[in-house]
Amino acid sequence: MIGLAFGPGLERFAAEHPNAIDYIEIPFELLRHNPKTVEAEKIAPIVLHCASMSIAGFVPPRGETVDQIRQWTERTKTPWIGEHLAFISADPLHKNGAALHDETTLTYTVCPQLSEEVLTSACDRYRSLQSKFPVPIIIENSPQYFSLPGSTMSILDFTIEFHRRSGAGMLLDLTHFMISSMNVGFDPRREILRLPLERVVEVHVSGLDVQEGTAWDDHAGVADETVLELLEIVCAEAAPHAVTFEYNWSPDLPDDLLLAQIDRVRGAIGHGA
């Protein structure tokens, strides 16, 4: 299956190219704040994405949030929920037993400290949350933007070990993987084969940007050639159920460019393992 992340140009694109996509990926957070977004199901089935469970954080999501995610899971009939191997909430820092600040809540998913303590906690959090949902939660690899204090393993080893211990399916974001390779310094074509690709359920592709020497996620730009080559490597080794183009920050991406990428991805999936 090929899908698009929900964005400003999606409705027009789907109307003009009705057979181009098989589903629409919509974030829970958008549905939570704008329930009318669910009307996109008139265009194509919905796959639910999420950035509210803080899998790799030490502060669990509020019960109200979990309940609302479950309600939207049932309402959209999503086959799975995509969530990040990241944290959005953090415990307050303490000094001499007193909190130095309130609990921190971020508006962007952040790669966690890559340590045994965080890994154990993330696996426990995943198993606890998975028991509350009727469909699988698949876990997306985070982009690493900088060296994380206290880390004792690489982001690649952390990701591999998380899936080995938790048994979770993988949402492989190839642009996140490429960003990590550029910022941390590893060969993406070689290291992609170390991942448990047999666990890949969904793949994300999007653009990236380089600012002040650091690569960043950019859903307004298109995937570059290296990201598409990584997808072809993955499809030669495994059989992902879905590939999502996350071009949802751009209202005017040229149709011919997107259609060409969709055709290329369909070919890769069709010739995959």
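Quick rundown of the values:
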quantity	calculated
Enumeration of residues in the range 187-216 that are in a strand (DSSP E or B), surrounded by 12 or more Cβ atoms within 10 Å (Cβ to Cβ) and either out of contact with any Pro (no Cβ under 7 Å at 6 or more places or on another chain) or of a type in the set (Gly, Ala, Ser) (or both)	His204, Val205, Gly207, Leu208, Asp209, Val210, Thr214, Ala215, Trp216
Residue match in the range 183-206 (condition: at pLDDT below 90, in contact with a strand residue (DSSP E or B) (Cβ under 9 Å, 6 or more places away or on another chain) and of a type outside the set (Gly, Ala, Ser))	no
Among residues of the range 30-70, those that are surrounded by fewer than 18 Cβ atoms within 10 Å (Cβ to Cβ), among the β-branched types (Val, Ile, Thr) and outside any loop (DSSP other than H, G, I, E, B), counted	4
Matching residues in the range 245-273 - criterion: being within 22 Å of Leu48 (Cα to Cα) and open to solvent by 70 Å² or more (accessible area, probe 1.4 Å)	Trp249, Pro251, Arg266
Pick from the range 217-244, criterion part of a loop (DSSP other than H, G, I, E, B) and open to solvent by 40 Å² or more (accessible area, probe 1.4 Å), ranking: farthest from Val47 (Cα to Cα)	Asp224
Residue match in the range 138-160 (condition: under 14 Å from Ile55 (Cβ atoms) and open to solvent by 20 Å² or more (accessible area, probe 1.4 Å))	no
Candidate set: the range 164-202, residues that are touching a residue at least 24 places away in the same chain (Cβ under 8 Å) and acidic (Asp, Glu); chosen: the one farthest from Val110 (Cα to Cα)	Glu198
Candidates Pro112, Pro149, Pro134, filtered to the one that is in contact (Cβ under 8 Å) with a residue 60 or more places away in the chain and not in a helix (DSSP H, G or I)	Pro134
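The values are calculated or read from the model by the stated rules, or taken from the named source; none is laboratory data. Only a predicted model underlies this, so the values are computations on that prediction, with no experimental measurement involved. Every residue, glycine among them, receives a Cβ derived from its backbone with ideal geometry; neighbour counts consider all protein chains shown. These area figures cover heavy atoms from the full protein model, side chains too; ligands, DNA and RNA do not enter into them. Shrake-Rupley method; radii C 1.70, N 1.55, O 1.52, S 1.80 Å.
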